Amino acid sequence: MTTFESATARLDRLLTLVPWLMTNQGIDLAEVAASFDVSQEQIVDDLQLLFVCGTPATCQMT
């Protein structure tokens with residue numbers, strides 16, 4: 001069964017996910033999914049999307 005997620009909900013998670021992962025580096029995928037109340041597959045999809053979007057200029061590591 002596929003559940004519908006609004007673009008707004010996904011965008012909110014994506015924008016929250018980046019700084020959250022920076023603060024919680026090395027955390028297990030299952031823990032990330034549980035923290036965001038989504039499946040592990042959804043987190044992988046989100047990370048793949050973020051990868052192709054690139055890093056915002058204000059978040060680049062030097």
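The values are calculated or read from the model by the stated rules, or taken from the named source; none is laboratory data. For clarity, every value in this text was computed on a predicted model and none was experimentally measured. Every residue, glycine among them, receives a Cβ derived from its backbone with ideal geometry; neighbour counts consider all protein chains shown.
For the range 25-38, the set of residues classified as closer than 17 Å to Leu50 by Cα and surrounded by 12 or more Cβ atoms within 10 Å (Cβ to Cβ) consists of Leu29, Val32, Ala33, Phe36, Val38, listed by residue number.
Limited to the range 1-29, what total is found for residues that are part of a helix (DSSP H, G or I), among the polar types (S, T, N, Q) and more than 10 Å from the chain's Cα centre (by Cα)?
Of the residues in the range 1-29, 2 are part of a helix (DSSP H, G or I), among the polar types (S, T, N, Q) and more than 10 Å from the chain's Cα centre (by Cα).
The residue of the range 30-62 that is modelled with the lowest pLDDT, among those that are part of a helix (DSSP H, G or I) and either small (Gly, Ala, Ser) or at positive phi (or both), is Ala57.
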